[in-house]
Every structure is written in structure tokens, then in C-alpha cells.
1. Restricting to the range B:251-277, what's the tally of residues that are among the small types (Gly, Ala, Ser) and surrounded by 24 or more Cβ atoms within 10 Å (Cβ to Cβ)?
2. Among A:250, A:256, which is the only one that is out of contact with any Cys (no Cβ under 8 Å at 6 or more places or on another chain), hydrophobic (A, V, I, L, M, F, W, C) and either surrounded by 24 or more Cβ atoms within 10 Å (Cβ to Cβ) or not in a helix (DSSP H, G or I) (or both)?
3. Would you be able to say whether some residue in the range A:119-134 is touching a residue at least 24 places away in the same chain (Cβ under 8 Å), within 14 Å of chain B (Cβ to nearest Cβ) and more than 26 Å from residue B:13 (Cα to Cα)?
4. Test of understanding: among A:157, A:196, which residue is buried (at least 21 other Cβ atoms within 10 Å of the Cβ), more than 14 Å from chain B (Cβ to nearest Cβ) and either outside any helix (DSSP H, G or I) or out of contact with any Pro (no Cβ under 6 Å at 6 or more places or on another chain) (or both)?
5. Across the range B:259-281, what is the total count of residues that are in a helix (DSSP H, G or I) and either within 10 Å of chain A (Cβ to nearest Cβ) or touching a Lys or Arg at 6+ places or on another chain (Cβ under 7 Å) (or both)?
6. Going by the conditions given, is residue B:232 part of a loop (DSSP other than H, G, I, E, B) and more than 25 Å from the chain's Cα centre (by Cα)?
7. Can you tell me which residue among B:177, B:207 is at the interface with chain A (Cβ under 9 Å from one of its Cβ atoms), of a type in the set (D, E, K, R) and more than 23 Å from residue A:216 (Cα to Cα)?
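The values are calculated or read from the model by the stated rules, or taken from the named source; none is laboratory data. Quick caveat, the model's predicted, so the values are computed rather than measured. Neighbour counts are summed over all protein chains in view; Cβ atoms, including those assigned to glycine, are modelled from backbone coordinates with ideal geometry.
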Amino acid sequence: MSTQRTGWFRPLWRSATGKFGLIVVTIVVLTALVSLFWTPFPAELANVDDRWLGPGWPHILGTDNGGRDMLTHIMLGARTTVVVAVGAAVISTIIGIALACLATLTTRLMREAMATLIDVLLAFPVLIIAAMLASIAGQSLWVVVFAVGIGFGVNMARVTRPELRRVLSSDYVLAGKAAGLTTTQNVLRHVLPNIAPVYIVQLSWSMGVAVLAEAGLSYIGFGASANDPSWGRLLAETQAFINIHPLAVIWPGLAISLTVLALNLLGDKLRETTDPTLSRRMVKSMPAPMPTVTA
Amino acid sequence: MIRYILTRSALLTGGLIVASLLIFLALRVLPGDVAQVIAGAEGTPEQVAQLREELGLNEPLPVQYFSWIGGVVTGDMGTSLITNTKVVDELLEKAEVTIPLGLMAMGVALVIAVPLGILSALRRNKMSGTALSVGAQGVAAVPVIWAGMVLILVFSLWLGWFRAQGFPRAGWEKPGDAFMALVLPAITIGIVEGAVLMRFVRSATLDAVTRDFVRTAAAKGLTRTQALLRHGLPSVGLSIITVLGLQVAGIVVGAVVIEKLFNLPGIGRMLIDDVGARDLPLVQGELLVLTAVVLLIGFAVDIVHRILDPRLREASE
């Protein structure tokens, strides 16, 4: 296990898809960081004389209907994307581990109840959760973060439950128990580090879905509000001009698709390198049990 | 088999009850006074109090829940706060758009995913197979709205083959027009969902190729492809049914977004509008119906799977 944890980077980098995934994700994160203190133009700069400029200098990707620089807004959108992806990942990790622990470590009745609850919750599309949250909280980026986080938390719980069971009955956990560790100590010291690889793979995929969900939910008005620059909002704002200025729609869509593709490919590769049963089997392309999300 | 259907039905009923409870509670327990939210920031305290009375929000929660769910069971899901129409009537009217759209999208997804998935598995060591599976990965990463915008741009604005927006006022009284209005939206959802489904078909096919019975058939003189088509495909079909059940939720969600993009008067756009307008009775009903559809199809898929796969049947009896 430990050799796998230290050596995850090299196999990823060695494959073409893993390299693509790592490079694109790094670019998105760096863009988000750079946008904190530098963008080609000020975010609020809107020069009506410069409306609908094609790609060129100084507006590399052109401008939109308000004369705002597209590249600046794509860069600011990357920030939102990173916030949503990381936020959703954090929430789904907390919910996933909590639910999975409740479904494995507690009394029998509780375990059965939690298992059923997880199955029912799985049938709830993220969009439904988002609609519930949005009908109370209104339009907000947090709706996206929480909806995806909750939706994926349940999925994480389902994926981790069997894994958790397996680890709990393993020799080293027994040995830990024999050495006098409490259940909590045992879970923290032996169980969680051992289910981490499965978890990280799931997180990579869930971040991809979070990015897609942000685009869809912001488009239908459940996500980013007018103050949040986001790729989903850019799509919604430029849609009306699609016939005259298709490029304005192409850029944000391309940014979303490339980011999601990168995260999905990373997830696939991570799965291949961390799942020992997969490499033994002939079929390496088995897609993961993806939850029903999207937008 | 009967025992299985009974247990599965009990689970379905339990699932529906939990779902209704969650929807009900989420809209009441979450921070934010619903009456205040509906009245808006300018709502006077008197207006808010009156709204609370009208909505029955002063009743204890269990009373509210049972009066809602009792109504749902007898086919009365309440009345819209804004238009004053019956929620059930509204839902039935919008379903005339959403159900055909969903079925057409599913058809498109299958037409794309099954042949291409099998093809890419059979040619997995050739360029064409790799290209197909890389292409599927790429399309699966595309947001449905963006796919829709690009398709509108190409097929409606540039080529002029389809109308870009709306649904004929006459509805299904003019079936041809209604059908044509749904073609492009259905293709949009179908392409993206089909790309996701294709990956599953591919892996199911790869799995079948390595099965003993396919190998035996190949050893008896069939080519690999013949052996797969005759003996392997039935088992691929079973996994496709399962995955299709999972995809339903994806198609339902896709329909919500796409109805907004194509300006179609379906349940999805209704949900978006009603959430925006905070029309609680309608939102509650729509959420319940959408969740019920997803749960019911999951149920149906499990039963069909059970009937078609003799191994599962024997295991339960």
C-alpha cells in the first residue's frame, strides 16, 4: 500500500492521458491563482467602443457584447471553477466518510437503515438537490457546491462502504485492536489511509462533474449569480449572440470541456494505477460506477 | 420471483416515502422562512402572516406533511400560488413535452452507444477503435447546454434544418410539427448521454469477449466476431439494461437544462421557473414527480434484469 501511495505521480505522468490530465488541471489551477492578482484587463473594464472584437491584440480571445475582455473573464471563471470543484470535494468527503462509518461501525439496525438511506439518496439527481436548495437560498454558487457535495457524498459513501468493510476485517486492523487501539484510533490510523486511494479516484471524477454541474446550474439560474464570473454564466450571457458571434460561446464551452475531460482522464488513470484488482483483469476500461448527475 | 418483486416493491415504497419526506422537510427546515421568501424583501409582516396562513405553515409539520401526501395519493397535489392552477393539471400538460423528449433522447443515446460501443471494443487494438473511445471520452466531458448551443448554431442557424426554439402551440394535434420541434433537443441530450453509455457498452463487450462460452464458440470454428455476436451479445444486452436505468436520471436532468435552452414548455423548464418564482406547491410536486420517475425506472430495470437473467432468478428461489 505504501509503495502505491508514494509512487502515484510517475505512472500518471508516463501515460499520455495522465500527462494531459495533469497539465490541464495545473493550467486551470495556476490561471485561477494568477487571476487573484493579475488579469490582462481589469475585471470590470467594459469599453463599449471595443464591442465584439475578434481574437487579436490586445484582446487575445476578443471581447463580448459589453466590450469586456474575454480572456480576463475566462481567467476569473477558472477561479470559480476551482472553488466549486474543491468545495464540492471537501463536502462530499466529509459526508461520504461520515455516512460510510455510520453504515459500517454502528449497531446492526443503524447499519441497515443507513444502507437503505444511501440507496434512496443515490436516486436523487444533484439537480433535484440543487432545486431544493435554490428554492430556499436563491441563486448562489453555494447551491452548486452543496448540491454536488451532498450528491457525491452519498455516492462516496456507497463506494467506500464495501471497502471500509473489507479493511475493517483485515489482519492489521485486528492486530491494532489486539494492541489496544480503540475503534476511533484504529479508523484514523489504519482504515482511512487504506481507503484513501479509492477515495482520491472518486474525488477526481466528482470534481469533473462539479465543473459540469456549475455550468448547467448557473445556466438555469441556480448557480453563480451576476457577481460571480463563471464559465457557466459566460455561456448563459453570450448565448443570445450565438448567431452573430459564435466565438464568444465557444471559449467558455471549450474551457469547461477541457477541464472536465482532464479530470475524468486523471480519475481513469488513477484508478488503473491504484486498483490492484483492475490491473490483474483483462478489462482495464471498465468505467466507474458514476452517479447520475450532470447538467 | 414473486418474492423478489414483493421485497423490491416494499423497497420502492420505502424509497418514495423517504423521498417525499426529504423534499418536504428540505423546503421547510432549511434556513429561510418560506413565507418571507415568497413575499420578497418588500413583503410587509401582515402579508407574510397571511401567506403563512394560506400555505398552512402555522400547522405542525406532521399535519402539513400528511395533508400534502394524502392529497398526492388521491391525485390532488395542491394549487399553484401564482397561477392558481392545479399542480396535477399543470404537470400532465407539461409531461406531453418532457416524456416524448426523454424517450427520443434515450432512443438517440442507444442508437449511438450500442453499435459504436461494440465496434470500439472489437477494434480495440486498431486506430479506429481507439479513436472511437477517445471521442466518447471527449463528448462525455461536454456540458449539455454547450452541445445544444453548438447544434443550434450548425443545424438551425447555419443549415436551417430545424427550428431553434419553442414548441408548436397546437402541440400534438399537429404531430409532425411537435415531433420536429423535439428532434434537435433529443439529439443534444442523446449525443452526450450516448457517449457516457458507450463506455459501458464497450467494457461490457470487452468483458464478454473474454468469457469462456465465447472462447469455446470461437474454438469450435466461429470467428471471434461471430462468436461474440451470437453468444456474447445477449449478456452484453443485460448490462446495457442496467446502465440504461442509471442513465435515466441523466436524461431527466439533461431534459431540464435543454428545455430551458430550446424554450420547450416541459416539466424541466416549469421547475426552473417555479423555483425562481418560489411557487412552493408546484416545486414540491415537480420534485416528487421527477424523483418518482427515477425511482420507478430503477425498479422496472431491476425486475426486467431479474426476468432476463436466469442466474439471478435461481439465486433468489
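1. The number of residues fulfilling the criteria is 4.
2. A:256
3. Yes, the conditions are met somewhere in the range A:119-134.
4. It is A:157.
5. Looking only at that region, the number is 15.
6. It is false that residue B:232 is part of a loop (DSSP other than H, G, I, E, B) and more than 25 Å from the chain's Cα centre (by Cα).
7. Only one candidate qualifies: B:207.
Conditions tested, residue by residue: (1) without any contact (Cβ under 8 Å) to a residue 40 or more places away in the chain; (2) part of a helix (DSSP H, G or I); (3) surrounded by fewer than 21 Cβ atoms within 10 Å (Cβ to Cβ).
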position	(1), (2), (3)
B:105	no, yes, no
B:109	no, yes, no
B:160	yes, no, yes
B:165	no, no, yes
